[in-house]
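The values are calculated or read from the model by the stated rules, or taken from the named source; none is laboratory data. Since the model is a prediction, treat every value here as computed from it, not as a measurement. A quick note on method: Cβ atoms are made from the backbone with ideal geometry, for glycine too, and the neighbour counts reach across all protein chains shown.
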């Protein structure tokens with residue numbers, strides 16, 4: 001079967017290459033696609049630039065849904081390193097766990113990980129919103145510039161290290177805060193912000209007041225020789 005006849009139907013990785021499947025997805029302006037037998041293939045559904053729906057039935061490898069713009073990508077399984085890296089808009093959802101650096105450098109859009117996320121979740125985030133149903137590993141939200149990281153479970157060591165203006169909300173325990181990251185007051189506007197995000201992510205029954213808020217102490221914005229040991 002040719003690639004051209006596969007629009008708006010199932011795309012099977014047992015018979016098509018990742019390049020063929022991505023070419024089909026890139027050519028689509030609308031429609032829904034189901035990717036079968038992914039078997040951990042890397043770079044699936046990368047660089048999408050249209051409001052299409054993509055359902056991946058199984059585990060995805062590295063950099064799945066990277067550079068996403070406008071598309072909705074759902075992974076019914078787990079995802080490898082670099083999930084939704086540099087996402088611009090749209091939604092990427094994983095029903096299982098995600099490996100390191102999920103949502104790294106994301107500029108916008110929404111990333112939902114229903115299971116756990118490994119180390120460096122949301123590293124250098126620049127406007128993306130990330131919701132993790134489980135826990136996150138160490139160095140999550142490292143150098144996070146803007147956007148929201150909401151964690152329904154626990155957070156590992158060095159949370160928010162060298163953070164700028166991103167907002168972090170954690171419902172569980174935090175093993176340790178990184179440089180220049182402190183706990184902050186959970187005011188009414190933060191409850192409202194988190195409520196809206198949890199609703200978007202599919203967690204309407206989770207109470208935002210049960211979270212704690214973390215952000216920048218703003219002492220490392222500008223280089224100071226007295227802080228050289230902290231950088």
Original post:
How about the range 118-135: which of its residues are part of a loop (DSSP other than H, G, I, E, B) and touching a residue at least 40 places away in the same chain (Cβ under 8 Å)?
Top reply: 122, 125, 133
Original post:
Of 168, 206, which residue is surrounded by 12 or more Cβ atoms within 10 Å (Cβ to Cβ), under 17 Å from the mean Cα position of the chain (by Cα) and at pLDDT 95 or above?
Top reply: 168
Original post:
Does residue 138 count as assigned to a loop (DSSP other than H, G, I, E, B) and touching a strand residue (DSSP E or B) at 6+ places or on another chain (Cβ under 7 Å)?
Top reply: no
Original post:
Out of (1) part of a loop (DSSP other than H, G, I, E, B); (2) free of Cβ contacts under 8 Å to residues at least 40 places away in the same chain; (3) in contact with a helix residue (DSSP H, G or I) (Cβ under 9 Å, 6 or more places away or on another chain); (4) crowded, with 17+ Cβ neighbours inside 10 Å, the odd one out for residue 64 is which?
Top reply: (3)
**OP:** Among the numbered conditions (1) over 13 Å from the mean Cα position of the chain (by Cα); (2) on the phi < 0 side of the Ramachandran plot; (3) without any contact (Cβ under 8 Å) to a residue 24 or more places away in the chain; (4) surrounded by fewer than 20 Cβ atoms within 10 Å (Cβ to Cβ), tell me where residue 155 comes up short.
**Re:** (4)
